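Asker: One structure coming up, written as structure tokens, with questions to follow.
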Amino acid sequence: MRVGCLGCLVLAIVLVGLGIVIGGSLVFSSSIFNLPESIPTTPEWTSSDGQRAQQKLFEIVRRDTRKSSRTDPLALTEREINAFLVQHLEESERINFSPLLVKLNAGEVVIQGRTQLKALLRGVPFNYLVQYLPASQANRPVWVVIQGTVRIERDRVRKERKFLRIEPSGFRIGTQEAGTWLLSRMVGPKLLRWPVPKVIAAISVEAGRVVVITRTDQHSQ
């Protein structure tokens, strides 16, 4: 084995070990399994809200493929976003939140909900740590609160690709305040950075809704 390869191996072992130490101390902290003093009321969304969200997202796809001539901004309400996310996270990411509450304030998104601990341990090295946890710990429900902003960004290499990025400004699991850096490493990049059609020019978060702005010509930029 060459020295360079050996150095990479040693570095990987150190990083994994460090992650296990940090993650283990968090996982076995009883405070992460505590419920907050007040649980917010789950929004009363229906299947109709989810269908309206799907229709609006489909309209964005139609604009991206130039099958729609509409250029008006599209607004998704809190109810529609909650209905869509519950279904999307369960079907696409195999994460079951019950309940899930997305609150939209001016310029800020607050996501709260309860899921199993193992559903959050997806990033390196936590995805290795989770397989060594007792089932009683891994399957235990935890309450998560994430605060942050959202923005559209371009891929650094393939500039034509766009993503919706969640920039967390606060993270709490149970009653344990945790750094946002830990959230990014726990859940991995996929849950905080979603691919979106390139026709989307901007997204703004207002009180109670998200407004999506699309370009009239997606090939002009």
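Asker: Failed condition for A138, given (1) in contact (Cβ under 8 Å) with a residue 24 or more places away in the chain; (2) touching a helix residue (DSSP H, G or I) at 6+ places or on another chain (Cβ under 8 Å), with all others met?
Answerer: Just one mismatch for A138, condition (1).
Asker: Exactly one condition in (1) more than 16 Å from V110 (Cα to Cα); (2) touching a residue at least 12 places away in the same chain (Cβ under 8 Å); (3) surrounded by fewer than 18 Cβ atoms within 10 Å (Cβ to Cβ) is not met by K198; state its number.
Answerer: The failed condition is (3).
Asker: Would you confirm, using the coordinates I've provided, whether L121 is surrounded by 15 or more Cβ atoms within 10 Å (Cβ to Cβ) and under 24 Å from P189 (Cα atoms)?
Answerer: Yes: the conditions hold for L121.
Asker: Considering each residue of the range 173-220, count those that are hydrophobic (A, V, I, L, M, F, W, C), within 17 Å of the chain's Cα centre (by Cα) and over 18 Å from Q112 (Cβ atoms), and give that number.
Answerer: 4
Laboratory data are not the source of any read-out in this text; all were calculated from the coordinates shown. This is a predicted model, so every value here is computed, not measured. We place every Cβ from the backbone using ideal geometry, glycine too, and count neighbours over all the protein chains shown.
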